[in-house]
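Okay, structure first, notes after.
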Amino acid sequence: MRIAFTLVILFASAIYTYAAFTDLNFLSSTGRLGPGFFPRIIGGGLICVCVLDLAIGFFRPREPVAGSEHTQTVIVVATLSALFVAALGVIGGYPAMFAFIFAILMILNRARPVQNGVIALLLPSAIYLLFDVWLNASVPRGILLERWLG
Amino acid sequence: MELFDNLLLGMSVALTPTNLLFLMIGAIVGMIVGIIPGFGPSAGLAILLPITFGMDPISAVVMLAAIYYAAMYGGTITSILLNTPGESSTVASTFDGYPLATQGRAGPALVMQAVASFVGGTVGVILITLLAPLFSQLARSFGPPEYFLFAIAGLLLLIVMLGENRILGVISALIGFSLGTVGVDLETGMQRFTFGSAELIGGIEFIPIAIGLFGLGEIFYSFFQGIHRSESGGIVQYQREKRFWPEARDFIDTRITMVRGSLVGFTIGVLPGAGATIASLVSYTIEKSSSRTPEKFGKGAMAGLVAPEAANNAASAGAMVPLLTLGIPGSASTAVLLAAFLLWGLRPGPLLMTQNPEFAWGLIASMYLGNAALLALNIFAIPLFVRMIQIPYRLLAPAVIVVCTIGTFSVHSSMIETALMLVAGVVGFFMKLLGFSPAATVLALVLGPLAEETLRQSLTISRGSFAIFIERPASLTIIIVALAIMMLASLTRRSRPS
């Protein structure tokens, strides 16, 4: 997994360095160090260090990353978080919060549905008081809510 | 006399009801952040930063600074009672703190750590009061080469502390630097790596990255480790009876240790990149090597707990010196504080203390008050905070995810930034899993633009010659000191008990 992650970074670094060399000038029109100076150093450095890391891993294989019986939980939590973010823009902050908290607690805290429901109601209320009332900060309203309100 | 006047000004700013209220809120929140394993002050600061935008800047920075140094107090509670450091700078406290607890001395250990933290924090603030104006004057003589070296030395020191994962630390830092180049080049006005996107013209925002890497990433990693399954068992019980209080010999035997730890911690904390973690480990090593009974260390020596505790709090105060006088953060936590200052339109640096004295001295004065408040909180409210450890993580984590998400959105009402935070959270999880350093990435993201600007200026001044970094006495001094500290830090890591 670590080799794959390093390869992804290496690939991204290659694109970054390519863009630095082709789109950005090393010197500016006045002869001073231009916008491409620093990115070329960073990109080149990234490529070199990634290759070095891969080479070290090849000649001195490291211990594989220890697995976990909770990998599925991580995937579920991350997926629900992504759906929560997506839902923010559609159904609005408060409905999305309620749905997310209730759903995730029903997976993590399955034995206590009433507790989960209470928390799912209380937390968005606390967020409302903190962000909307006290801080006057915006919480997403959602496309559907805005259409309904006209 | 001017010093006294400045301190009075600071006290007049800090002692308003509003600022005192936010100081207490910050102290309590910081304790909680420190207590929850997996959350450090950097995560707590990043997550709570959006909440401060509607506040007065002085109140906001007083609260954020209180969170920062209060986390050092809170993190030790779990070190002592659970043998699990609440955050990285309290790792050294487990070496002797937990053995003390298992010997039935949890109460005295908790009280002594509070006293040591108070001494360290107060000594640190006194030294800030004395040194910050001097440092500020000295910093006015610094030029681009010195600023560049401070920025790079800070990062290198952080990477050295990663031990075997140094190469991954370098990769993490370079990723942060590359993210910092996205946007408009200030010297030429040319767009870099925006790929035609209007959102990227302003650059990669710091807050979604910091919240994602430190907040979400940490949560995903904690689930991976199965923390949500534990029921917080294994807490060593302590009792509120006469054995709760330390004996007189505990204070007498460790009085020199507290002062020595404070001075060591502050000195290391001032160095960018060193941080409270290195300070606590170095202080522990020094204390053990200078003790007449080194064989007791690691088995419940009170000095082994007091030394790192005084050091980490003094270091957190010391880290404020380069932040306020140079505008260079020395750690991920102070990087978040710097981001906060910039968002409020304040420019930390040599002129901050003269142009915004009420801000700088108000902050320093609040640290005196904060340390006193935390001493009282730690001693008398420990049962309350111990209860926090007992809240199941599976109930806490969803709340934190929600706060992270809504907090990120509230900054610029941007769904793009919220999505970026989520992506950073996934990347942060893999970084933690695979041994990379999210802290190095965040620090490099903040320091990158400064490093680039000062490097270009330095090479323009020297007409392309890198010798400028050796020819200037100040630059050469910085290089030598940084190398010495890196070697010391390297040796310190090897002397840690297994």
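No lab work stands behind these numbers, since they all come straight from the coordinates. Everything numeric here is computed off the predicted structure, so don't read it as measured data. So basically every Cβ, Gly included, is an ideal-geometry build from the backbone, and we count neighbours across all protein chains shown.
Here the spin labels are modelled as points 7 Å beyond Cα on the Cα-Cβ line, and at B:Thr460 and B:Leu8 they lie 4.4 nm apart.
Mean sequence separation of contacting Cα pairs (under 8 Å, at least six apart), scaled by the length of chain B, corresponds to a relative contact order of 29 percent. The rule of thumb for compact globular proteins, 2.2 N^0.38 Å, goes into the C-alpha radius of gyration of the protein assembly as shown 0.94 times. Modelled label positions at A:Met106 and A:Phe26, each set 7 Å beyond Cα in the direction of Cβ, lie 6.1 nm from each other. Put simply, segment A:71-149 fits an ellipsoid with semi-axes of 23, 16, 11 Å; these come from the alpha carbon gyration tensor as the roots of five times its eigenvalues, largest first. Computed over segment B:376-447, the quotient of the alpha carbon radius of gyration and 2.2 N^0.38 Å is 1.48. Expressed as a fraction of 2.2 N^0.38 Å, the value expected for a compact globular protein of N residues, the C-alpha radius of gyration of segment A:2-59 is 1.33.
Legend: mean number of C-beta atoms from other chains within 10 angstrom of residue C-beta atoms, peptide B:445-451, equals 1.
In terms of the mean number of neighbouring beta-carbon atoms within 10 Å, the peptides B:51-61, B:466-476, B:10-20 order highest first as B:51-61, B:10-20, B:466-476. Its Cα centre serving as origin, the protein assembly as shown has a Cβ charge dipole (Lys and Arg +1, Asp and Glu -1) of approximately 1220 debye. Counting lysine pairs in chain B whose alpha carbons fall under 25 angstrom apart, excluding pairs fewer than 8 residues apart on the same chain, gives 4.
Extension gain, B:Ala467-B:Leu384: 0.36 nm per intervening residue step, less the Cα-Cα distance, totals 24.1 nm. What the phi angles of segment B:408-416 give under the Karplus curve with 6.51, -1.76 and 1.60, with θ = phi - 60°, is a coupling list of 4, 5, 5, 5, 10, 6, 10, 6, 4 Hz, glycine and proline written as x. With contributions of -39500 (n - 2.57) from each DSSP H run of at least four residues, the per-residue ellipticity at 222 nm computed over chain A stands at -23500 deg cm²/dmol. Classification of segment A:1-148 by its C-alpha gyration tensor yields an oblate form. The axis ratio a/c (a ≥ b ≥ c) is 1.5 or more, and b/c is at least a/b. Please name whichever of A:Ala78, A:Ile15, A:Ala4 sits farthest to the positive end of the charge dipole of segment A:1-116, dipole taken about the Cα centre and charges placed at Cβ: Lys and Arg +1, Asp and Glu -1. It is A:Ala78, whose Cα lies furthest towards the positive end. Modelled spin labels at B:Asp253 and A:Ile143, positioned 7 Å past Cα toward Cβ, are 6.9 nm from each other. Taking other Cβ atoms within 10 Å as a rough exposure proxy, B:Tyr221, B:Tyr284 sort from fewest to most as B:Tyr221, B:Tyr284.
Rounded, prolate or oblate: which fits segment B:322-410 when a ≥ b ≥ c are the square roots of the eigenvalues of the alpha-carbon gyration tensor, with rounded for a/c under 1.5 and prolate only if a/b beats b/c? The shape class here is oblate. Seen through its C-alpha gyration tensor, with square-root eigenvalues sorted a ≥ b ≥ c, segment B:269-427 comes out oblate because a/c lies at 1.5 or above while a/b is not bigger than b/c.
So if the hydrodynamic radius of segment B:49-117 is defined as the Kirkwood radius over C-alpha pairs, what does Stokes-Einstein give as its diffusion coefficient at 10 °C and 1.306 mPa s, in µm² per second? For the chosen part, D equals 122 µm²/s.
Shielding value for B:167-174 is 6, the average number of Cβ atoms from other chains within 10 Å of each residue's Cβ. Within 10 Å of the Cβ of each residue in B:52-65, the mean number of Cβ atoms contributed by other protein chains is 1.
Overall size of chain B from C-alpha positions, given as principal axis extents largest first: 69, 49, 48 Å.
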